[in-house]
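Okay, so here's the structure we're looking at.
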Amino acid sequence: MIREFKTFIAVARDGTFTGAGRQLGLTQSAVSAQMRRLEDYLGATLFERTAKSAVLNAAGREMLPQAEELVALAERMASSAGAGHVSGLLRVGAIASAQQSLLVDALAQFREAFPDVRVRMVPGVSLSLLGQVDAGEIDMAVLIRPPFALPPELAWRPLLREPMLLVGPAAQPAQPWRELLATQPFIRYDRSSFGGRLVDTFLKKHRIAVREAIELDEMDAIANLVRRGLGVALLPRTRQFDATGLRLYDLAEAGFSRDIGLIARLPHDPASLAGHLAECLLQAADLKV
């Protein structure tokens, strides 16, 4: 809870969640989420909140000097550990496809440099992971590029571009891809996900009416449904894509891609653990291009 205690001190000094967030490189919602977690942990409300301010109540005033002492102690402990020994916890969110290949390579390199740092992998869909980074619940996330502008406190770093393909059962005779989409049952990439929104935009742009059959977000499950002959699907060609039992159709001039990248909070510190892992991810992505 050291992170939450540091944020508590910043709010107590500034008197607002927004001002404290500016100092710490967090959004107002991230500060608010951290303070809720701290109050739940302590079992006490610490602030008198209004629309524009957060003023310490009696419990908060009593807690402030203890929090300052706790944070100072934690910083002294980190300093005395010495530059030659780095430990800690790094919380990394990732969509399923990134966990299976890209992060494996990046973590192998990262662990060689920082063997005493624990890494906790947090699985999830892109929208959920974005919210967790924004709230300060995880340090960084590998996900599909959001189809909207990010808040100024968050930064996007591109890693991979994955072309989208139409896939059908290998046993099915080859046909033009437009004809397959119009006539075969369609297994849809969940339209509430960032990748699914790309598929939906593509279909609308080209005015293709599909025969909806099944909708889900798991890429391997979609591919398996296609292998069983239950329909066709638009899927990204990921680095670990398994074409066994599938017939692949290039979309030619109509082709589109999904972008995979890294989202983290600003300011970016390349010397931090998150900064080091980000560089490992960039190198792993470059090796896979």
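The values are calculated or read from the model by the stated rules, or taken from the named source; none is laboratory data. Just so it is clear, the model here is predicted, and its values are computed rather than measured. A quick note on method: Cβ atoms are made from the backbone with ideal geometry, for glycine too, and the neighbour counts reach across all protein chains shown. When the accessible area is computed, the model is the full protein with side chains, heavy atoms only, and any ligands, DNA or RNA have been set aside. Shrake-Rupley method; radii C 1.70, N 1.55, O 1.52, S 1.80 Å.
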Given the condition modelled with pLDDT of 95 or more and assigned to a strand (DSSP E or B), answer yes or no: does some residue in segment 148-155 qualify? no
Does any residue in segment 223-245 that is closer than 19 Å to LEU181 by Cα come within less than 9 Å, Cβ to Cβ, of a residue that is basic (Lys, Arg) and assigned to a helix (DSSP H, G or I) six or more places away or on a different chain, and which pairs are these? GLY245/ARG227
Which of (1) modelled with pLDDT of 95 or more; (2) loosely packed, with under 15 Cβ neighbours inside 10 Å is the odd one out, the single condition LEU262 does not satisfy? (2)
Across segment 32-52, which residue is least open to solvent (accessible area, probe 1.4 Å) among those that are in contact (Cβ under 8 Å) with a residue 24 or more places away in the chain and in a loop (DSSP other than H, G, I, E, B)? LEU46
Qualifying positions in segment 183-200 - assigned to a helix (DSSP H, G or I) and in contact (Cβ under 8 Å) with a residue 40 or more places away in the chain: PHE194, GLY195, ARG197, LEU198
How many of the residues making up segment 178-209 are surrounded by 20 or more Cβ atoms within 10 Å (Cβ to Cβ) and of a type in the set (A, V, I, L, M, F, W, C)? 7
Tell me which residues, restricted to segment 129-150, are over 21 Å from ARG36 (Cα atoms), surrounded by fewer than 22 Cβ atoms within 10 Å (Cβ to Cβ) and not small (Gly, Ala, Ser). ARG145, PRO146, PRO147, PHE148, LEU150
Residue check for ARG36: in contact with a Gly (Cβ under 9 Å, 6 or more places away or on another chain), among the basic types (Lys, Arg) and either under 24 Å from MET140 (Cα atoms) or modelled with pLDDT of 90 or more (or both): no
Please enumerate the residues belonging to segment 1-31 that are of a type in the set (Ser, Thr, Tyr), in a helix (DSSP H, G or I) and in contact (Cβ under 8 Å) with a residue 24 or more places away in the chain. THR7, SER29
Of all residues making up segment 212-255, the number that are open to solvent by less than 40 Å² (accessible area, probe 1.4 Å) and of a type in the set (Phe, Trp, Tyr): 1
Could you check segment 11-31 and list, in sequence order, the residues that are open to solvent by less than 40 Å² (accessible area, probe 1.4 Å) and of a type in the set (A, V, I, L, M, F, W, C)? VAL11, ALA12, PHE17, ALA20, LEU26, ALA30, VAL31
Give just the number: which of (1) at pLDDT 95 or above; (2) in contact with a helix residue (DSSP H, G or I) (Cβ under 6 Å, 6 or more places away or on another chain); (3) among the polar types (S, T, N, Q) does THR201 not satisfy? (2)
